[in-house]
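The values are calculated or read from the model by the stated rules, or taken from the named source; none is laboratory data. Given the structure is predicted, the values throughout are model-derived calculations rather than measurements. FYI the Cβ positions are ideal-geometry reconstructions off the backbone, even for glycines, and counts take in every protein chain you see.
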Amino acid sequence: MNPVDSPATGPHADAQARLTVLGESLVDLIRTERGHCTEHVGGSPLNVAVGCARLGMTATLATHYGEDAHGRLIAAHLAANGVETINGGTGPTSTATALLGANGSATYAFSLFWDIADAALAVMASIEEADHVHAGSIGAMLPPGDGTVYSLVQAARATATISYDPNCRPGITPDRALARSRAELFVAGSDIVKASDEDLLWLYPDRPLEQTMAAWLEAGPALVVVTRGPLGPLAMTRDARAEVRAPALTVADTVGAGDSFMAALISGLSQLGLLGAANREELRRLDQGHLAALCRYAAAAAAVTCSRPGADPPRSVELQPLAAQTAAAGGPTLLPEE
């Protein structure tokens with residue numbers, strides 16, 4: 001059955017799925033040589049949870065932050081965006097400090113603590129109620145918490161679909177071979193994988209993007225999507241392929257753009273009724289038209305984020321809903337071709 005023909009999908013599939021995100025929260029500290037400092041809440045999984053909540057999903061973030069000023073900043077940001085929070089942190093809140101030189105160049109220093117084992121029971125309860133679970137970035141790479149995340153993701157597969165974004169950080173996990181093996185472990189256990197071209201070229205420097213995407217699909221996922229900056233995203237299943245142009249825009253910065261793309265991809269699949277373990281086989285049958293529509297929707301979300309400073313993902317009113325589209329020849333479309 002084509003996804004749009006399913007009674008649970010198409011124009012009337014406007015019920016959003018429940019989501020649990022596993023991963024880090026941190027505070028970015030931007031310092032200048034003159035001593036000026038600004039603070040911004042960040043972390044890829046946190047940004048995905050906020051992005052999904054702004055798109056109407058019920059989102060829970062299982063994360064780690066301390067009982068300190070930075071932790072209170074994170075907690076306030078999550079609460080303001082309607083994200084339910086499970087905090088497994090006992091150590092200080094993680095920070096990423098960027099020192100800006102006179103010419104605008106930056107050097108970085110990280111202070112990272114990642115472990116949610118103390119909250120494992122609460123996280124498991126959240127997962128058991130979730131239709132979809134997302135993991136990635138530092139939370140899926142940095143010990144000791146990465147092992148807990150992997151165990152939770154594996155436990156979730158019985159009832160939920162799984163998405164993964166490696167969001168590689170060579171400055172934090174510089175061992176390429178270890179990072180590659182860790183990423184491949186999560187890829188094999190996921191239904192949806194999104195990565196940037198920079199991620200894939202760092203993990204597999206001698207292999208073309210599409211060859212890596214095909215290898216990952218053979219490992220288990222139903223869908224692999226690669227973002228390529230201004231070139232636009234490329235999506236592949238085992239039987240279909242779609243690529244679309246990125247929307248034209250004036251870029252403020254690209255902070256959080258990939259996370260906004262990931263959040264909109266999850267939301268779009270929810271609107272199509274394709275999240276949850278019971279829909280796993282339908283997810284595998286996505287056709288080219290629906291792949292292209294999903295890519296346009298997610299690219300539009302990333303473009304909104306790029307058009308304004310910082311990791312500021314769009315709300316539902318800023319995007320044309322995927323579920324409002326009708327099935328036409330070649331599948332639904334979201335944005336007119338330019």
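Observations on the model:
- As a summary of the residue check, residue 170 satisfies the conditions (1) at pLDDT below 95; (2) under 22 Å from residue 263 (Cβ atoms) except for the one numbered (2).
- When the range 227-243 is limited to residues that are in a loop (DSSP other than H, G, I, E, B) and under 19 Å from the mean Cα position of the chain (by Cα), the one that is nearest to residue 286 (Cα to Cα) turns out to be 237.
- Residue, modelled with the highest pLDDT, within the range 99-116, restricted to residues that are small (Gly, Ala, Ser) and exposed (fewer than 14 other Cβ atoms within 10 Å of the Cβ): 109
- Members of the range 1-59 that are part of a helix (DSSP H, G or I), modelled with pLDDT of 95 or more, among the β-branched types (Val, Ile, Thr) and over 21 Å from residue 148 (Cβ atoms): 50
- If you go through the range 254-269 and pick out every residue that is surrounded by 23 or more Cβ atoms within 10 Å (Cβ to Cβ), touching a strand residue (DSSP E or B) at 6+ places or on another chain (Cβ under 9 Å) and farther than 18 Å from residue 22 by Cα, you end up with 2.
- Among the residues of the range 68-80, the ones that are within 19 Å of the chain's Cα centre (by Cα) and either crowded, with 19+ Cβ neighbours inside 10 Å or of a type in the set (Asp, Glu) (or both) come to 2 in all.
- Candidate set: the range 151-161, residues that are of a type outside the set (S, T, N, Q) and either more than 19 Å from the chain's Cα centre (by Cα) or under 15 Å from residue 191 (Cβ atoms) (or both); chosen: the one surrounded by the most Cβ atoms within 10 Å (Cβ to Cβ): 160
- Every residue from the range 184-203 that is outside any loop (DSSP other than H, G, I, E, B), within 20 Å of residue 47 (Cα to Cα) and small (Gly, Ala, Ser): 195, 196
- Residue that is modelled with pLDDT of 75 or more and within 29 Å of residue 285 (Cβ to Cβ), where the choices are 307, 316: 316
- When the range 291-308 is filtered for residues that are among the aliphatic types (A, V, I, L, M) and either under 13 Å from residue 234 (Cα atoms) or not in a helix (DSSP H, G or I) (or both), the ones remaining, listed by number, are 291, 292, 293, 294, 298, 299.
- In the range 129-144, the qualifying residues are those that are touching a strand residue (DSSP E or B) at 6+ places or on another chain (Cβ under 9 Å) and either among the acidic types (Asp, Glu) or outside any strand (DSSP E or B) (or both), and the one that is farthest from residue 158 (Cα to Cα) is 138.
- Meets criteria (crowded, with 24+ Cβ neighbours inside 10 Å, more than 17 Å from residue 192 (Cβ to Cβ) and touching a residue at least 60 places away in the same chain (Cβ under 8 Å)) for residue 232: no
- Restricting attention to the range 295-321, the residues being among the aliphatic types (A, V, I, L, M) and either touching a residue at least 60 places away in the same chain (Cβ under 8 Å) or on the phi > 0 side of the Ramachandran plot (or both) number 6.
- Matching residues in the range 162-203 - criterion: being of a type in the set (S, T, N, Q) and either under 26 Å from residue 281 (Cβ atoms) or surrounded by fewer than 16 Cβ atoms within 10 Å (Cβ to Cβ) (or both): 163, 181, 190
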